[in-house]
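I have placed the structure first, in the form of structure tokens, so that the comments after it can refer back to it.
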Number of protein chains: 2
Amino acid sequence: MINNTITGPRGFLAAGVACGIKASGKQDMGLVVCPTGAKAAAVFTTNKVVSAAVTICREHVRTGETAAVVVNSGNANTCTGSKGLADAVAMCKRVADGIDADPRQVLVASTGIIGHALPMDKVRSGIDKAVERLSASTEAGLDFAQAIMTTDTRPKQAARRFELNGKTLTIAGTIKGAGMIGPNMATTLCFITTDAAISKSLLGKALRAAIGDSVNKLTVDGHQSTNDTAIILASGLAGNRLISSECPRYRRFAKALAEMCDDLARQMALDSEGATRMFKVVITGAATAAEARKAARAVADYPLVKCAVHGGDPNWGRIICAVGSVGVRLNPDRLTCKLDHITVFRNGSPARFDRKKASQVVSQTEHTISVELGAGKASDFCYGCDLSRDYVAINADYHT
Amino acid sequence: MINNTITGPRGFLAAGVACGIKASGKQDMGLVVCPTGAKAAAVFTTNKVVSAAVTICREHVRTGETAAVVVNSGNANTCTGSKGLADAVAMCKRVADGIDADPRQVLVASTGIIGHALPMDKVRSGIDKAVERLSASTEAGLDFAQAIMTTDTRPKQAARRFELNGKTLTIAGTIKGAGMIGPNMATTLCFITTDAAISKSLLGKALRAAIGDSVNKLTVDGHQSTNDTAIILASGLAGNRLISSECPRYRRFAKALAEMCDDLARQMALDSEGATRMFKVVITGAATAAEARKAARAVADYPLVKCAVHGGDPNWGRIICAVGSVGVRLNPDRLTCKLDHITVFRNGSPARFDRKKASQVVSQTEHTISVELGAGKASDFCYGCDLSRDYVAINADYHT
């Protein structure tokens, strides 16, 4: 059986255990280890308020060789002051002691409630238990994927395999969370392993591009949380010749990584709070790339568009209003909007279209909203999901 | 009995009639007339896509003397191309013919569904009927307030009276709509009358300030619609000495106008789709005024904050996340948050507070969320309302 979890690529061990941080008793401590040492790269939230884990991880990822990533769920270690920083460092040290590495070779991430100190007794016992259970099995990979979940309803994993220099390279990843989940909960954590031999700088470049075009294109409620972190570890054990320049082999690797991240982002969108379907917004004809991005996000974030998608309503008026409202340049006489292949608005005027077919398009699990602004040549896209009563229920009825 | 409708100030007649634009048969054509001629000023949406009515009104408001304002509900006359422009002009001409004025002395506004041509037969008969029914009565003022409604559940009116040079001046206004209402519906229309004698330029200045600090501070779903329009007419019949400079008398007038607009904005917030309560966000300690504004809107627009308010949950974590997420400068060690008088987060760390009392604060019809950023001296505020299942129901279940 093929192992499509993060223990699939050669050189990785993982574990996921329960140590009592979550009141539910579910798994809440995950660990992934590369005994031979891995190149690491990471992308972090742009929020100005960040978790202590993010602060420490940003520092540790600069180390040349990384040995492990430790992740707890149930507590974000955010807004916890200097104790939070000490706790994040202590997590790295505990892992390092357990696997015989330097604390700076351990990366750390946290997700969960904000403003509460980590229960370090539980954290320490969880880390010790995880170290004991480390395994290269599929089950261990799945345990890790489950240990990072908060209000996610299912573990989300993806993998890609491809040939390079006659060697098979594997990239595997897992992701948790969409939307600022639960009360005071933090959002997206993404962990990727690969056995590719690639330089640290190119690994970072490929990760930034892949996350930028996938996870960072997904807007559930328009904000990056305090804890968002994506980490990739490369063991280099696939046996390919080291990728050290932006050659065709690099592009192959980057493409496979981007596809896998896109897969994870879509899984996350469909598992976001209350979401029943997702959509892609494609903006063309923008005056600048920044304006294309702004217009795409305006549509995907607009609550009335999200409600219309939830209702299966081909409501182009709300789409037009959204792109018009954020100050991006557009030519009202060339403004055109499509829902998949159906043109609903053409050159500034409503188009005739089959309302029933258009409603079917919007009612799919995923459809594409395209808007041509007629103001230039720049384009961009993003992903959104619908807004349902369940989103409100999840986020209003749960009390801190 | 005191007339607190828009026919309250001396010199105004009004009417509100049903002419069949709305399928429901409810009032959908409003008219206000100043037979002696009024100074007029207006503020319009910043959306790049605008109603034909906005395009024409922007032009006509430059005329020295204004005779009337005509408003239809049920159809926004937006995305209707050159026919839409001709229809808006024809509305002004029909009114002008009926009251013996120049078409350029008539202002026009529309609200309702986007992308459908105005049914001009009905519009013409509605205007004729409204001209016939013009009256200075309280009932006529209320009819007008009802005729501009779309999914509003009640007419919203406010008035202020004050003395100047021994004369009583009156300002009265009515407002409709909050949120991009219904499917393809357009938003805020506000009409104000006053008998103050004031120059056209100062009237405009006072209106811009008043709307800027009231209606434009209210964010229901974060966007200005294609039709937003606020108009003030001043008959000058109160008998006060003409206000022609920024003297104390101007400031008295501007203050009364601002208070009345604030009253209207609050009424609108509480009548917005599905809203059960509202809140004010006050940002202090921002590096610049623009950053203060951005941070305030980030909190008020953040769906998770809106859901927490709906649930009566003192969820400061979401507030902190919102201000951190929009790129404004802040000092994490000085970041402080209050809910009314209760400090829930102080200098970057969670504060101890009585959770029950804090929940009572958030459960009020209105409370204030204050955030000190610790990055400078600029401040700003805005208003928001909660996000409920009803908002989703209204906006997802209704089909175009």
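The values are calculated or read from the model by the stated rules, or taken from the named source; none is laboratory data. Bear in mind that the values here come from a model prediction, so they are computed numbers and not experimental data. Quick reminder, even Gly has a Cβ in these numbers, built from the backbone with ideal geometry, and neighbours come from all protein chains shown.
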### Message
Going by what's in this entry, would B:ASP313 be described as surrounded by 21 or more Cβ atoms within 10 Å (Cβ to Cβ) and in contact with a Ser or Thr (Cβ under 7 Å, 6 or more places away or on another chain)?
### Response
yes
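Does any residue of the stretch A:54-65 turn out to be in contact with a Gly (Cβ under 8 Å, 6 or more places away or on another chain), more than 21 Å from A:GLN224 (Cα to Cα) and outside any loop (DSSP other than H, G, I, E, B)? Walk me through it before giving the result.
Taking the stretch A:54-65 and keeping what is in contact with a Gly (Cβ under 8 Å, 6 or more places away or on another chain), we get A:65.
Among the residues that remain, those that are also more than 21 Å from A:GLN224 (Cα to Cα) are: A:65.
Add one more test, that the residue is outside any loop (DSSP other than H, G, I, E, B), and what stays is none.
Checked the stretch A:54-65: no residue is in contact with a Gly (Cβ under 8 Å, 6 or more places away or on another chain), more than 21 Å from A:GLN224 (Cα to Cα) and outside any loop (DSSP other than H, G, I, E, B).
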### Query
For B:VAL305, are the conditions met, namely being β-branched (Val, Ile, Thr), within 14 Å of chain A (Cβ to nearest Cβ) and under 19 Å from B:ILE369 (Cα atoms)?
yes
### Task
Please work out if A:PRO332 is in contact (Cβ under 8 Å) with a residue 12 or more places away in the chain, surrounded by fewer than 21 Cβ atoms within 10 Å (Cβ to Cβ) and facing chain B (nearest Cβ under 7 Å).
yes
#### Entry: Residue that is modelled with the lowest pLDDT, among those in the stretch A:215-264 that are within 14 Å of chain B (Cβ to nearest Cβ) and touching a Cys at 6+ places or on another chain (Cβ under 8 Å)
A:VAL220
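Would you say A:LEU85 is at pLDDT 95 or above, within 26 Å of the chain's Cα centre (by Cα) and not in a helix (DSSP H, G or I)?
Details: at pLDDT 95 or above: yes; within 26 Å of the chain's Cα centre (by Cα): yes; not in a helix (DSSP H, G or I): no.
Spelling it out, it is not the case that A:LEU85 is at pLDDT 95 or above, within 26 Å of the chain's Cα centre (by Cα) and not in a helix (DSSP H, G or I).
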### Query
For the stretch B:118-141, what are the residues that are in contact (Cβ under 8 Å) with a residue 40 or more places away in the chain and under 30 Å from A:GLY317 (Cβ atoms)?
B:LEU118, B:PRO119, B:LYS122, B:VAL123, B:SER125, B:GLY126, B:ILE127, B:LYS129, B:ALA130
### Task
Scan the stretch B:337-368 residue by residue and report those that are more than 11 Å from chain A (Cβ to nearest Cβ), in a strand (DSSP E or B) and under 31 Å from the mean Cα position of the chain (by Cα).
B:LYS338, B:LEU339, B:ILE342, B:GLU366, B:HIS367, B:THR368
### Message
Quick check on A:CYS261: is it surrounded by 21 or more Cβ atoms within 10 Å (Cβ to Cβ), assigned to a helix (DSSP H, G or I) and in the same structural domain as A:ALA210 (by TED's automatic domain parsing)?
### Response
yes
### Message
Which pairs turn up if I take residues in the stretch B:342-359 that are closer than 19 Å to B:ALA375 by Cβ and in the same structural domain as B:ASN331 (by TED's automatic domain parsing) and look for partners that are assigned to a helix (DSSP H, G or I) and of a type outside the set (Gly, Ala, Ser) with beta carbon separation below 9 Å, at least 6 apart in sequence or on another chain?
### Response
B:PHE345/B:TRP316; B:PHE345/B:ILE319; B:PHE345/B:ILE320
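From the list B:THR276, B:THR288, which one is β-branched (Val, Ile, Thr) and either out of contact with any Lys or Arg (no Cβ under 9 Å at 6 or more places or on another chain) or crowded, with 20+ Cβ neighbours inside 10 Å (or both)? First the steps, then the outcome.
Numbers: B:THR288 fails: either out of contact with any Lys or Arg (no Cβ under 9 Å at 6 or more places or on another chain) or crowded, with 20+ Cβ neighbours inside 10 Å (or both).
None of the other options fit; the residue is B:THR276.
Looking at B:VAL54, B:VAL17 in this structure, which one is at pLDDT 95 or above and either surrounded by 24 or more Cβ atoms within 10 Å (Cβ to Cβ) or within 17 Å of B:GLY173 (Cβ to Cβ) (or both)? Quick ask: steps written out before the conclusion?
Details: B:VAL17 fails: either surrounded by 24 or more Cβ atoms within 10 Å (Cβ to Cβ) or within 17 Å of B:GLY173 (Cβ to Cβ) (or both).
After applying the criteria, what remains is B:VAL54.
Matching residues to (1) surrounded by 20 or more Cβ atoms within 10 Å (Cβ to Cβ); (2) aromatic (Phe, Trp, Tyr); (3) within 22 Å of B:GLY239 (Cα to Cα):
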position	(1), (2), (3)
B:SER137	no, no, yes
B:ALA145	yes, no, no
B:GLU163	no, no, yes
B:LEU169	yes, no, yes
B:ALA172	yes, no, yes
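Looking only at the stretch A:73-91, filter to residues that are polar (S, T, N, Q) and closer than 19 Å to A:LEU31 by Cα; which one of those is farthest from the other protein chains (Cβ to nearest Cβ)? Reasoning before the result, please.
Start the filter on the stretch A:73-91 by keeping residues that are polar (S, T, N, Q), which leaves A:73, A:75, A:77-78, A:80, A:82.
Among the residues that remain, those that are also closer than 19 Å to A:LEU31 by Cα are: A:73, A:75, A:77.
Values: A:SER73: 16, A:ASN75: 12, A:ASN77: 13 Å.
So the residue we want is A:SER73.
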### Task
Scan the stretch A:66-82 residue by residue and report those that are polar (S, T, N, Q) and in a strand (DSSP E or B).
A:THR66, A:ASN72, A:SER73, A:ASN75
#### Entry: Unmet requirement for B:VAL299, which otherwise passes all of (1) within 10 Å of another protein chain (Cβ to nearest Cβ); (2) within 25 Å of B:SER363 (Cα to Cα); (3) at pLDDT 90 or above
(1)
### Summary
Residue count, the stretch A:320-347, condition of a type in the set (S, T, N, Q) and modelled with pLDDT under 90, comes to 1
### Query
What's the number of the condition A:THR111 fails, among (1) within 14 Å of chain B (Cβ to nearest Cβ); (2) at pLDDT 95 or above; (3) part of a strand (DSSP E or B)?
(2)
### Query
Does at least one position in the stretch B:70-88 carry a residue that is assigned by TED's automatic domain parsing to the domain that holds B:GLY25, charged (D, E, K, R), at negative phi and surrounded by 21 or more Cβ atoms within 10 Å (Cβ to Cβ)?
yes
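Filter the stretch B:192-244 for residues that are farther than 30 Å from B:THR78 by Cα and crowded, with 24+ Cβ neighbours inside 10 Å and give the result.
Pass one, the stretch B:192-244, residues farther than 30 Å from B:THR78 by Cα: B:195-199, B:202, B:235-244.
Selection gives B:ASP195, B:ALA196, B:ILE198, B:ILE243.
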#### Entry: A:THR55 within 25 Å of the chain's Cα centre (by Cα), free of Cβ contacts under 8 Å to residues at least 40 places away in the same chain, closer than 30 Å to A:ALA196 by Cβ and within 14 Å of chain B (Cβ to nearest Cβ)
yes
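Tell me the residue from B:GLY384, B:GLY324 that is facing chain A (nearest Cβ under 10 Å) and crowded, with 22+ Cβ neighbours inside 10 Å, please.
Working: B:GLY384 fails: facing chain A (nearest Cβ under 10 Å).
Just one listed residue meets the conditions, B:GLY324.
Take B:ALA23 and tell me if it is in a loop (DSSP other than H, G, I, E, B) and in the same structural domain as B:ILE232 (by TED's automatic domain parsing). Steps first, answer last, please.
Details: in a loop (DSSP other than H, G, I, E, B): yes; in the same structural domain as B:ILE232 (by TED's automatic domain parsing): yes.
It is true that B:ALA23 is in a loop (DSSP other than H, G, I, E, B) and in the same structural domain as B:ILE232 (by TED's automatic domain parsing).
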### Task
Kindly check whether there is at least one residue in the stretch A:24-31 that is crowded, with 19+ Cβ neighbours inside 10 Å and closer than 25 Å to A:LYS205 by Cα.
yes
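For the stretch A:236-249, indicate whether the set of residues that are assigned to a helix (DSSP H, G or I) and either in the same structural domain as A:LEU142 (by TED's automatic domain parsing) or touching a His at 6+ places or on another chain (Cβ under 8 Å) (or both) is non-empty.
Applying the first criterion (assigned to a helix (DSSP H, G or I)) to the stretch A:236-249 yields A:248-249.
From what is left, the residues that are either in the same structural domain as A:LEU142 (by TED's automatic domain parsing) or touching a His at 6+ places or on another chain (Cβ under 8 Å) (or both) are A:248-249.
Within the stretch A:236-249, one or more residues are assigned to a helix (DSSP H, G or I) and either in the same structural domain as A:LEU142 (by TED's automatic domain parsing) or touching a His at 6+ places or on another chain (Cβ under 8 Å) (or both).
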